[in-house]
Structure formats: structure tokens, C-alpha cells
Amino acid sequence: MKKKAKALSLALVSVMMLSLAACSGKAPEKTETTAGTTAAQSSEKASETATTAAKTADGKQYKIGVLQLVQHTALDASNKGFIKALDDAGLNYTVDQQNASGDQPTCQTIASKLVNDGDDLILAIATPAAQALAGATSEIPVLVTAVTDPAASDLVKSNEVPGGNISGTSDLTPVKEQISLLKKILPDAKTVGVLYCTAESNSEIQAKMAKEAIEAEGMTTVDYTVSSSNEIQTVVTSMVGKVDAIYAPTDNTIAAGMTTVAMIANENKIPTICGEDGMVKAGGLATYGIDYYELGYLTGKQAVKILTEGADVSKMPIEYLPLEKCKLSVNEETAKTLGIDVSSLK
């Protein structure tokens, strides 16, 4: 029995030694090395994140005011893009969102409020909103977006060197390309009605560009203008039987009333080529236009530079989205209503 017990003890000792040898083998070494590498990578990544945060978030809470002319798809998208850029930069801020519902006197009232609140920076969405803020302050940095030509609208000395407290981004659309799209879809069109609001200087600029492009394509133009949204139904109705197509630029009044324009135009088989995607979604036929969310995001990046890097707004040029950022948008339901084949556009 003693010999058997001794043999059993020796066997147990051998098994324990083999287990210890296995535990001190390569597998644990690999695990330890991997863990060390992962920890180092995590530390490095955390360091990079901390450095980025230090660059973008200085601990100060900023007060930002937003004055939007009216609620419609394009301007809403610009607003959302602007806020996303601030969030992506890690900015610590509060925002006062104000909408003038398309009323110029209300724009002026809101502009005065935002200035009196002592905001660190104010965003103006659309030309009338920007003009109201230009008259309310010459000190607080103001960024504009969804403005076709800030210089032509007397908001800055020049689009290259603004020279004051205002800069931002332009929503100048590829008008020439939009008219080429009209001609491609409607090769037999002879008369184009250009529909816009005379109260918006940005629309007058685009209307002029459109008329030049329409005439260059061998068609004739007729202006159909409104001074407020109340006139849209009457004016569009007056176009029936007189035009082969309608061109509506990125006009805020027309965009806000686009469902009315589309209702009358589509019922009377008049195709509408629009200045931006939101107008197409509201019933227009097609456009080749800019992405307003991207435009707002670009403006937000300017805001971050001004607030956290001390960028001089007076020397910050007006920025534009490149042509490759433009996109084709077609309302297939409208095309079907009009009996137009748009398959070749895809």
C-alpha cells in the first residue's frame, strides 16, 4: 500500500509540474503582449481625443442666436447643418432659435432682440434676415447662409474680403445648368415664365441669370413676380396658356408656397424647374441644385473658427459649395402627372 501511495504522489507531482509549465508557456505571453499593445493604443487614442477636444472646446459657453426668415425645407436644412458642425466641433453653447415666418418687420424685431441679448455670434438664414441683422449691429459677428450674393445685397464690401462684421456662405445655384436641364427635359419649350418675389434681392439676381441662360438656349422669357405669398395663386394661375414651363429660383417666398405653385402648374400640365431640392419634393418637376445641409455645415465650421480660433470675420471670404456637391433631383410622381419621361436623366 505504501509503495502504491508513493507512486500516486509522484504521479500527482508530475501532473502539477506539467500544468505549471503549461501556464508559463507562450499563450499567456501573447495575451500579456496583446493587452499591453491595446492599452498603449487606447492611451494614444485618448490622448489624440483630448488634444482635439482642447482645440475645439475651450471651456467657455457661447451664446449663439439664429434668425431664420421662414420655415421651409432648404432653410431648415441649412439650420440643421450649422448646428451639426458646432456639435461635431465639441462646442459648448446655447442657441436661441428664432423664425420670422417670412415677415420683414418681424426680422427686424428679432434682430434687435438677438443683439440686445449680447450673443457671441448670430446666424442669419436667408437674405432678408441677413439685411435685418446688418442694420442692427456692426460689432457682433454675423454669419449668413442661403444668401445668393452678399455683396450685391449690400451685406459686405466684397465677397472676397467682407470688410465688416458679416461673412458666411452663398447658396448661388448652378442656374445655367438648371436651364440646360429644362431644355433637355422639354426640348420643344419656347416660352419660360420666371417666377420669383420682388422683395428678395437674391431672387432678382438669380432671375437675371436665368433669363440670360434661357435666351442663350433659344427660348423667350416672361417675368411673373409676387410681392408676398398672398399673390402666388393669382400669379401662377395667370401663367396658364401663356408659358410652356416655369423656372423658380431659390426664392424663399416661392419655396414656402411651392405646394400652391405645383398644384396649379401640374393640373395645367406646366412643368416647373426649381432652384433647390425641397421645392421639387413639394411638387416641382426637377432641379440640379446644392445641398443646403452641407451649406449650413460649411457655415458652422466658419463659426467654430471665429469663436474658438479668433478668426477675423472681416477677412473671412464668402464660401461656396463646389459644383460637384450639386445633385440632380426629380419628382417622379410629378413627371407621371405631367406625362413626361424622365428615365433618360438617371
Q | Candidate set: region 228-237, residues that are at pLDDT 95 or above and of a type in the set (Ser, Thr, Tyr); chosen: the one surrounded by the most Cβ atoms within 10 Å (Cβ to Cβ) | A | 237
Q: Give region 172-188 a look and list any residue that's over 15 Å from residue 210 (Cα atoms) and crowded, with 18+ Cβ neighbours inside 10 Å, or say none.
A: 185, 186
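Among residues belonging to region 238-259 that are among the charged types (D, E, K, R) and surrounded by fewer than 24 Cβ atoms within 10 Å (Cβ to Cβ), point out the one that is nearest to the chain's Cα centre (by Cα).
Out of the qualifying residues, it is 244.
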Q: Considering every residue within region 78-90, establish whether at least one is among the basic types (Lys, Arg) and not in a helix (DSSP H, G or I).
A: no
Q) Out of the residues in region 313-346 that are in a loop (DSSP other than H, G, I, E, B) and in contact (Cβ under 8 Å) with a residue 60 or more places away in the chain, which is farthest from residue 122 (Cα to Cα)? A) 339
**Q.** region 281-302, residues that are part of a strand (DSSP E or B) and in contact with a Gly (Cβ under 8 Å, 6 or more places away or on another chain)
**A.** 287, 289
Q: Restricting attention to region 168-180, report how many residues are in contact with a strand residue (DSSP E or B) (Cβ under 6 Å, 6 or more places away or on another chain) and not in a loop (DSSP other than H, G, I, E, B).
A: 5
**Q.** Residues that are hydrophobic (A, V, I, L, M, F, W, C) and surrounded by fewer than 18 Cβ atoms within 10 Å (Cβ to Cβ), drawn from region 189-227
**A.** 216, 222
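Can you tell me which of 257, 310 is free of Cβ contacts under 8 Å to residues at least 60 places away in the same chain, assigned by TED's automatic domain parsing to the domain that holds residue 141 and not hydrophobic (A, V, I, L, M, F, W, C)?
310
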**Q.** Output for region 216-265, where each listed residue is of a type in the set (S, T, N, Q) and touching a helix residue (DSSP H, G or I) at 6+ places or on another chain (Cβ under 9 Å)
**A.** 220, 221, 225, 227, 228, 229, 233, 237, 250, 252, 253, 260
Q: Output the number of the condition that residue 278 fails; it satisfies all remaining conditions of (1) part of a helix (DSSP H, G or I); (2) at pLDDT 95 or above; (3) touching a Phe, Trp or Tyr at 6+ places or on another chain (Cβ under 8 Å).
A: (2)
Q: Sort out which residues of region 78-105 are out of contact with any strand residue (DSSP E or B) (no Cβ under 8 Å at 6 or more places or on another chain) and either of a type in the set (Asp, Glu) or farther than 16 Å from residue 301 by Cβ (or both), and write them in order of number.
A: 87, 88, 101, 102, 103, 104, 105
Q: Give region 285-341 a look and list any residue that's among the acidic types (Asp, Glu) and surrounded by 22 or more Cβ atoms within 10 Å (Cβ to Cβ), or say none.
A: none
Q. Which one is surrounded by the most Cβ atoms within 10 Å (Cβ to Cβ) among residues in region 113-166 that are assigned to a loop (DSSP other than H, G, I, E, B) and of a type in the set (D, E, K, R)?
A. 119
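The values are calculated or read from the model by the stated rules, or taken from the named source; none is laboratory data. What you see is a predicted model; the values in this text were computed from it and never measured. Neighbour counts run over all protein chains shown; Cβ positions are idealised from the backbone, glycine included.
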